[in-house]
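Structure record follows, encoded as structure tokens.
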Amino acid sequence: MFENEIAINQLQLKQFETIMADLPAETLFMPGQGHGHPPVWILGHLAIVGEMGQSFLGGSITHSFWVQAFGPGSNDDVQPDDGLKREALIAANLTAYETLRNMASKATPEVTEKPHGIELFDGSPIQTVGQAISLLLTNHFGFHLAQLSSCRRDLGLPAIF
């Protein structure tokens, strides 16, 4: 189950590492041109949403203190904080999505066919836990990865893809 989504997310995480290799710590709190999100918010948002995805599959949220700052509906006005270091945010993402992929690969239809209960998706075609997990592993991650890539390009660096 989720073989395609897992492969796509693995590719996206490689792209994520490439982007982050060029994005210095001093740019974490600089809003990106166009979308306005600073890299710190994008990184925190992706990490906490990956952990939230785990919770649908029986896992737990490791960085619960990030939900308010980075969860769905949060604003991107994140202030510098000792816990928001570049390397810690990168590690949180790599761990969150490795764990989510692992859990998704073992998910049963009994879990994936249940309604997700995510208010944000009310009235949308995304109805089940399985559909929500597919979205998190692919579209959601890719959308915010593009924003992170644009923050890298804001520094005058050439395209990497």
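The values are calculated or read from the model by the stated rules, or taken from the named source; none is laboratory data. Because the structure is predicted, anything quoted here is derived from the model rather than measured. Cβ placement follows ideal geometry from the backbone for every residue including glycine, while neighbour counts extend to all protein chains displayed. Surface areas here come from the heavy atoms of the whole protein model, side chains and all, with no ligands, DNA or RNA. Shrake-Rupley method; radii C 1.70, N 1.55, O 1.52, S 1.80 Å.
Please state which one of Pro115, Pro125 is in contact with a strand residue (DSSP E or B) (Cβ under 8 Å, 6 or more places away or on another chain), open to solvent by 70 Å² or more (accessible area, probe 1.4 Å), under 19 Å from Phe56 (Cβ atoms) and not polar (S, T, N, Q). It would help to see each step written out before you state the result.
Working: Pro125 fails: in contact with a strand residue (DSSP E or B) (Cβ under 8 Å, 6 or more places away or on another chain).
After ruling out the rest, the residue left standing is Pro115.
Of all residues in region 2-40, count the ones that are surrounded by 15 or more Cβ atoms within 10 Å (Cβ to Cβ) and under 25 Å from Gly117 (Cβ atoms).
Matching residues across region 2-40 total 5.
Taking region 128-160 as the region of interest, how many residues are under 17 Å from Val49 (Cβ atoms), surrounded by fewer than 16 Cβ atoms within 10 Å (Cβ to Cβ) and among the hydrophobic types (A, V, I, L, M, F, W, C)?
Going through region 128-160 one residue at a time, the tally reaches 2.
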